[in-house]
Amino acid sequence: CGLEPNKIIKYKTILDEALASCVEKPRKCIIFQRRNVEVCDLVADLDIDWEDALYNADPHPCVPVESNHPLYILYTSGTTGQPKGVVRTTGGHLAALTWTMKTVYNMSDDDVWWTASDMGWVVGHSYMCYGPLCSGITSVMYEGKPDRTPHPGQYFRIIQEHKVNAMFTAPTALRVIKRADPLLKIGRQYSPKSLRVLFVAGEHCDQETKLWATKAFGAPVLNHWWQTETGYPVTAMCVGLGLPLTLPKYSTGLPIPGYDVRVVREDGVECEPGELGHITIKLPLPPGTLTTLYKDTQRFLEIYFKRYPGFYDTKDVGYKDEYGYLYVTDRDDDVINVAGHRLSTIALEDIVFSHPDVTDAVVVG
């Protein structure tokens, strides 16, 4: 089950309903029963209690696989349609994650890393699990909300107690803390002085939230951009390669080595600096990115490569400035066309966010 501040979500019931409609059913399901919570009923010949499995299990040796062996299947959120089962290779992805831990995030063997995410999201897979483990870096794992567990000071407490040096979270989490503790009456009870940098991704980070978080955590906030499909950052400030801990306002950074990012018009012609267009990546994609969609190769080719031959279509919209910094504004279906002018809903939200009394905003076209 899932524990929310004011309710319990019965995951087992949801799982049973989902499996009932599945064509391809699993042979077994391992169920973890939480302590001090109502125990769920197990399905005979299907469900295995985690504690029983652990008690009766024998150690297994590591299984060597070929570098292009599929690592996992991870489904996208379905922002632009039906969820897609992303498949990527083992060797390339693990090599890329190890490289980015050092070059993008500037982590060394003695550092403490914390990704505040959900393990089911690509950030959880890449930078809670595989990245830190492959790099031999101490990593904090936290199950809980940024607020009401029991208060909005949890992030500050964890950073202080575990001496976290770098952290990765989503802008929404920062907005939740800001809304609950805007003057840091609780946050200031802790000292996050060990924190060198706070990375955010997964959605647009408005300037008001970024400035508040920079002051609250006493560390620079760096936005960067990537997708479930890529598995690791496309644009960032590679602080491990000596780039500064600063970014132009609203930017997600520069393309990291391996990515040739182009912003193009509808006809595929590259945009001028400052011109809004479709964000694409020139092929070939670097190692560790998606190689296909699970049992849907034709859809893989049509979604990502048909619109702009020779390029991967990210389905995101944005622009580059004259220095090559990328600014991601929207998904390509979230742009409003007014009298022939393309207006970004996120750009409009930023204007609303700039008012000091506004803590959240949404613009709908």
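Computed quantities for the displayed model
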{"item": "Under 5 Å, built H, 5+ apart or other chain: amide partners of TYR75", "result": "VAL86"}
{"item": "Hydrodynamic radius (Kirkwood) for the stretch 243-312, which is based on Cα pairs only, to one decimal in Å", "result": "14.0"}
{"item": "Per-residue ³J(HN,Hα) for the stretch 60-72, Karplus 6.51 cos²θ - 1.76 cosθ + 1.60, θ = phi - 60°, Hz, x for Gly and Pro", "result": "10, x, 4, 9, x, 10, 5, 4, 8, 5, x, 7, 6"}
{"item": "Residues with amide H under 5 Å from that of MET237, placed H, sequence gap 5 or more", "result": "LEU254"}
{"item": "Amide H contacts of PHE311 (H built 1.01 Å from N, under 5 Å, at least 5 apart or other chain)", "result": "LEU283"}
{"item": "Phi to ³J(HN,Hα) by Karplus 6.51 cos²θ - 1.76 cosθ + 1.60 over the stretch 212-226, Hz, x for Gly, Pro", "result": "5, 5, 4, 6, 5, 9, x, 8, x, 9, 10, 7, 8, 9, 6"}
{"item": "Calculated SAXS-style log₁₀ I(q)/I(0) at q = 0.14 Å⁻¹ - the stretch 70-332, Debye, Cα scatterers", "result": "-0.98"}
{"item": "Per-residue HN-Hα couplings for the stretch 100-106 [Karplus 6.51, -1.76, 1.60; θ = phi - 60°; Hz; x = Gly/Pro]", "result": "5, 4, 8, 8, 7, 9, 6"}
{"item": "The stretch 2-56 shape via C-alpha gyration tensor axes, a/c threshold 1.5", "result": "oblate"}
{"item": "Value in Å of the Kirkwood radius, where the stretch 23-121 supplies the Cα pairs that are averaged", "result": "17.9"}
{"item": "Tensor-based shape of the stretch 65-119 (alpha-carbon gyration tensor, a/c under 1.5 rounded, otherwise prolate or oblate)", "result": "oblate"}
{"item": "Dipole in debye (nearest 20) - the chain, about Cα centre, beta carbon charges: Lys, Arg +1; Asp, Glu -1", "result": "700"}
{"item": "Neighbour-limited loop hits for trypsin sites (Lys or Arg not before Pro), the stretch 31-117 (at most 10 other Cβ within 10 Å; DSSP other than H, G, I, E, B)", "result": "ARG35"}
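Bear in mind that the values in this text are calculations on the coordinates, not laboratory data. All of these numbers come straight from a predicted model, not from anything done at the bench. Please note: Cβ atoms are built from the backbone with ideal geometry, for glycine as well, and neighbour counts cover all protein chains shown.
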